Amino acid sequence: MLEKNATFEIINQYDVYINRDFWGVPYIKGQTDQDVAYGIGLVHAEDAYDDLVELMPLYRGQNAIYNGLDSIDTDYLVRLLKVHSKVRSIGKKQLSQNILSMAQAYADGVNAYANKHPDKVNPSLHPITQEDVLAGSYIQHLFFAGLDRDLAQIAAEDNTSIPTGSNAIAINSIKADSNAAYLLINSHQPLSGPVGWYELNIESKSGWHGHGGNFPGSFLINVGFNKDIGWGATVNRPDVMDIFELTINPENSNQYLLDEKWESFEVEEDYLAFKLFGFLKLRTKQKFRYSKFGPVLEMNERYFALRHINQNSFNEIEGWYEIGNSTDVYEFEKQLAKRKIPSFNFVTMDSNRNIGYFYNGRIPVRGDAPKARQILRSSSSNDIWDDNKLVHDLPKFINPSNGWIQSTNQNPFSVMGNYSLRMKSMKKNVHFEQRLTNRSFVANELLSLNESIDLDRFIEIKFDNSYSKNSRQYKYLKSIAQYDGRLELALQNWNRKTDINNTNAALGMCFMAQEWISEMNSKPTPSFKSAKQECDSLFQKIQRSYSDQWGLINTISRGSRTYPIQGSVDTLRAVYGSPDSKTKSLNMSGGDGLFFIIAEDDNGKTIYGMHNYGSSRNESSVHYSDQTFLFSQEALRFIPVNL
């Protein structure tokens, strides 16, 4: 299929063939990587156009033009970080010509769709450019690495968000039966929207190939597998940004203290555009301050400098391409060690049944890493780290003698229970997150049992919906049960599971969810009184009783159909719901979504998976919701590697 320019200028021609399987999943084949990237742009626009372009104003620093004055803060941040000038001055010099031309090809694919279907697009957002694609990737990685969470430390307003998580588990023949090895790829995201998973299969005759998930706006596979290796990614919290509270000269607010001397800010002025009433376009002149510590934000007459490890690096795109082309666990390790990707844990399994866990992060070498987890009140240049000096000795485990690895957003030395805890080490120049999730406790407890695991048991573990007695949430629940007789009774009768017929789960589950949300948002543990008020309000809104079956309270919906679903907050079958008065339930909005299970044995490779909704985000498509019921039933789809 050859495409040529119609309205938005497309200089290059591309040779790409797109076929779809029974479920509508696109299988994209091209002569070159650029042909395939063009095809990805086409299918993203066809299946997920609204999600593809939703964040384009943010990426361009024009959010306030499209979404009103309330969105101007993100425009200020994009300009303060000099995202677009750095794309041009740094990004296009760092990235290979292959990646740059793939980014252009992806943009061309989106624009080709707009040329063919002008009635289905927002013409004011076109043409999509190569710079849009590069800036979008850069900004997304800033947020995945915790930019919003770090900025919340200095913001006055309450920015509580509904958290998600991720799971990745690998076991080899030491733990598995019949000389087999299994890999679970199960990164948790919102079920829909710009960062909801999109499934695709790609194959270039130049050697780039794979099957997995990415987000609309990206031309690379982020989680998935090729013919040689599979990899799952889970969100971690490497300390990749420092926030410095500056000491300002009381006689001159344009100066800050540096090494006992007053240093003047470098000040730039620029205009930010916005719209009022949906049609009146205005501009406001803003000052942008820069210090030796980094770009500066002023909040409530206090000045904070931001120093991010990726401030001069756009290599994350290249990094994803390189790990996606790995042929085994050892090459994956080698590519990841380049530290081009700023964050994420990775769990891998290759066709030789090697398994590996890698804690990844572009972490700068610091003098006092634990201290840097908080806002630094410093005026010393000794605290300004060199972004070229990175910590390279990060936790990794390849083919451990216990035979299994699990990553569930926890401390990196808790990925193999007691086995990995024995390897824990403390280093002054790096500080790892200390948190443990319920998923980490349950996975460690299930995988530590003295039993051989076959594929059926591995699938059962993937869908486990229980809570550990050792989890932080369950201990919180026990500590507050004394204040409420009904809660105490429910706790006594509850088996700590969240199956659909369970009538004892709701009350305790709601209290534990309040603790989980607070912990994820770095807030104090809620009191019994505040948690009870929140739970009572939620159940009033959905018109449910605490004694109702969990399947009535916990649901997943798509279109006009709603189904009960097992699992809950921070269970391995992770279900994060929002109160919905229409469905009278906590309706799933994030968590367990697109997943893959890869089984390798002496007979070869078998791959299963499922998407939470379907391959299309267009309500008129049969593939808008054709996997939702199966997903709710914990069913599996056989996945062909080629069509």
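The table below lists the values:
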| item | result |
| --- | --- |
| Helices (runs of 4 or more DSSP H) contained in segment 470-535 and holding at least 3 residues within 16 Å of residue 438 (Cβ to Cβ) and open to solvent by 20 Å² or more (accessible area, probe 1.4 Å) | 472-480, 506-520 |
| Strands (runs of 3 or more DSSP E) lying entirely in segment 553-643 (those with 2 or more residues that are touching a Phe, Trp or Tyr at 6+ places or on another chain (Cβ under 6 Å)) | 554-558, 585-591, 595-601, 604-610 |
| Residue check, residue 182 of a type in the set (Phe, Trp, Tyr) and surrounded by fewer than 18 Cβ atoms within 10 Å (Cβ to Cβ) | no |
| From the options 307, 289, residue that is within 22 Å of residue 366 (Cα to Cα), open to solvent by less than 70 Å² (accessible area, probe 1.4 Å) and among the charged types (D, E, K, R) | 307 |
| Scan of segment 221-235 for residues that are over 12 Å from the mean Cα position of the chain (by Cα) and surrounded by 24 or more Cβ atoms within 10 Å (Cβ to Cβ), ordered by number | 221, 224, 225, 229, 230, 231 |
| Evaluation of residue 111 against (1) crowded, with 21+ Cβ neighbours inside 10 Å; (2) over 21 Å from residue 147 (Cβ atoms); (3) within 25 Å of the chain's Cα centre (by Cα) (one fails), failing number | (3) |
| Hits in segment 48-89 (condition: open to solvent by 30 Å² or more (accessible area, probe 1.4 Å) and part of a loop (DSSP other than H, G, I, E, B)) | 55, 62, 81, 82 |
| Restricting segment 333-356 to residues that are in contact (Cβ under 8 Å) with a residue 60 or more places away in the chain and of a type in the set (D, E, K, R), the residue that is surrounded by the most Cβ atoms within 10 Å (Cβ to Cβ) | 350 |
| Test: residue in segment 126-140 that is within 15 Å of residue 315 (Cα to Cα), part of a loop (DSSP other than H, G, I, E, B) and either open to solvent by less than 10 Å² (accessible area, probe 1.4 Å) or not hydrophobic (A, V, I, L, M, F, W, C) (or both) | no |
| Residue in segment 22-31 that is in a helix (DSSP H, G or I) and either touching an Asp or Glu at 6+ places or on another chain (Cβ under 9 Å) or at pLDDT 95 or above (or both) present | no |
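Every residue, every condition in (1) open to solvent by less than 10 Å² (accessible area, probe 1.4 Å); (2) at pLDDT below 95, yes or no:
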{"site": "406", "(1), (2)": "yes, no"}
{"site": "416", "(1), (2)": "yes, yes"}
{"site": "428", "(1), (2)": "no, yes"}
{"site": "433", "(1), (2)": "no, yes"}
{"site": "436", "(1), (2)": "no, yes"}
{"site": "440", "(1), (2)": "yes, no"}
{"site": "452", "(1), (2)": "no, no"}
{"site": "460", "(1), (2)": "no, no"}
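A quick yes/no check of all residues on (1) farther than 26 Å from residue 200 by Cα; (2) modelled with pLDDT of 95 or more; (3) surrounded by 23 or more Cβ atoms within 10 Å (Cβ to Cβ):
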site	(1), (2), (3)
550	yes, yes, yes
553	yes, yes, yes
574	no, yes, yes
595	no, yes, yes
598	no, yes, yes
607	no, yes, no
622	no, yes, no
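The values are calculated or read from the model by the stated rules, or taken from the named source; none is laboratory data. Being a predicted model, the structure only gives us computed values, none of them experimental. As a convention, Cβ positions derive from the backbone with ideal geometry for all residues, glycine included, and neighbour counts pool all protein chains shown. Note: areas computed on protein heavy atoms with side chains; ligands, DNA, RNA excluded. Shrake-Rupley method; radii C 1.70, N 1.55, O 1.52, S 1.80 Å.
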